[in-house]
Amino acid sequence: MSQNPEWLDWLKENSSWVFPVSFLVIFVVLAGYYVWYISGERPPTYSSSLNQIPLKHPVSVATTSSGNLYAANTGDNQIDEFSSTGVLLNKWGRTGSAPGEFEQPFGLAVSPNGNLYVTDRNNDRVEKFAPNGKFLLQFGGLGIHPGEFDSPIGIAVSASGSVYVDDMGNNRIQKFDSQGQSLLTWGGPGDSPGQFQNPWGIAVSPKGNVYVCDTYNNRIQVFTHKGKFIRDFGFKGKLPGEFDLPTFIKIDSSGNLYIADTGNYRIQKLTPEGQVVWTYGGDKSSGMIYGLSLLDRHFLFAAYYSRSQVVKLRLHNLGDLIPF
């Protein structure tokens, strides 16, 4: 006799609501169509899109403490700032290599004091801006030495202000202070622990650990703030917890991971240990998802590169009473 009824086996195999279905407890209020998930968490639902002005292939997004959103408008080589409801507030940048100009702005990260760091991919540098877009400084340059880059992609800032950069072309991670002084590098090409094949996204957990999307190895690697390897998880595939080119990652205040599983056209939420909570998407027609950013515990922004659109998703956290 099967341990689960046939409908439950089918649900596990076919549903995009990925959580431990066997332990799911659902409370339904029929009059109001509410569902309360006690042992599982419902995936996010569409809230709105930031499309009041055209975007050209936004790659990444970052939220501020006030709830505004920066988007790396890569096709226009500029940074756009929106309110949380999608109203354009500011924009800056143009094509070029002078301070404040870009050749593919890619990764975005907001520091604890509100400054914005941008990886300027094809200029092989990082630029730092004040919240109003005023240029502050830059560091980097093409090369293989510490402090130099070959196509920097992802960027993250820790609570203490340390800056971590995915130096994709050099298959390594670099750590800097807030003024761009090189502190540490680690990595190298390969598929062994601590090695990378085109790392893209990077994020720092509340505990200070560094999570890296080792994109072409289809895994997530975890390190201490000193670059010591802790563990990795994931491999190529389409099942929950597997990846096809994971590109960007964000971490919430509880340490949960939100990963853009770009080749599978979906977002996956995982626990800090790598256990799947849910997946969202999976339909090729919806387009490739790249950058992600969180707004408190209720919303997730996703940059749909091929659709030239930033989408706002409503999160349904464990214990929330939400419309079904």
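Yes or no: segment 89-100 includes at least one residue that is open to solvent by less than 10 Å² (accessible area, probe 1.4 Å) and touching a strand residue (DSSP E or B) at 6+ places or on another chain (Cβ under 7 Å). Let's see the steps before the verdict.
We begin by selecting, within segment 89-100, every residue open to solvent by less than 10 Å² (accessible area, probe 1.4 Å); these are none.
Checking segment 89-100: not a single residue is open to solvent by less than 10 Å² (accessible area, probe 1.4 Å) and touching a strand residue (DSSP E or B) at 6+ places or on another chain (Cβ under 7 Å).
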Let me confirm something: among Trp36, Trp92, which residue is modelled with pLDDT under 50 and of a type in the set (A, V, I, L, M, F, W, C)?
Trp36
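So for segment 114-123 (the condition being in a loop (DSSP other than H, G, I, E, B) and surrounded by 18 or more Cβ atoms within 10 Å (Cβ to Cβ)), does at least one residue qualify? Talk me through it step by step, then tell me what you get.
Our first condition is that a residue be in a loop (DSSP other than H, G, I, E, B); within segment 114-123, this holds for 114-115.
Filter once more, so that each one left must be surrounded by 18 or more Cβ atoms within 10 Å (Cβ to Cβ): 115.
Checked against the condition, which is being in a loop (DSSP other than H, G, I, E, B) and surrounded by 18 or more Cβ atoms within 10 Å (Cβ to Cβ), segment 114-123 yields at least one hit.
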With segment 173-243 as the region, which strands (runs of 3 or more DSSP E) entirely inside it contain at least 3 residues that are open to solvent by 20 Å² or more (accessible area, probe 1.4 Å)?
182-187, 229-233
Listed by first then second residue, the pairs whose first member lies in segment 245-263 and is part of a strand (DSSP E or B), whose partner is open to solvent by 10 Å² or more (accessible area, probe 1.4 Å) and among the hydroxyl-bearing types (Ser, Thr, Tyr), with beta carbons under 6 Å and at least 6 positions apart or on separate chains, are Thr247/Tyr290; Phe248/Tyr290; Ile251/Ser205; Ala260/Tyr290
What do you reckon, is Phe248 buried (at least 20 other Cβ atoms within 10 Å of the Cβ), closer than 27 Å to His298 by Cα, out of contact with any Lys or Arg (no Cβ under 6 Å at 6 or more places or on another chain) and among the aromatic types (Phe, Trp, Tyr)?
yes
Of the residues that make up segment 71-85, is at least one touching a helix residue (DSSP H, G or I) at 6+ places or on another chain (Cβ under 7 Å), open to solvent by less than 10 Å² (accessible area, probe 1.4 Å) and under 21 Å from Ile251 (Cβ atoms)?
no
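The values are calculated or read from the model by the stated rules, or taken from the named source; none is laboratory data. The structure displayed is predicted, hence computed values, not measured ones. All Cβ positions, glycine included, derive from the backbone under ideal geometry; neighbour counts span all protein chains shown. These area figures cover heavy atoms from the full protein model, side chains too; ligands, DNA and RNA do not enter into them. Shrake-Rupley method; radii C 1.70, N 1.55, O 1.52, S 1.80 Å.
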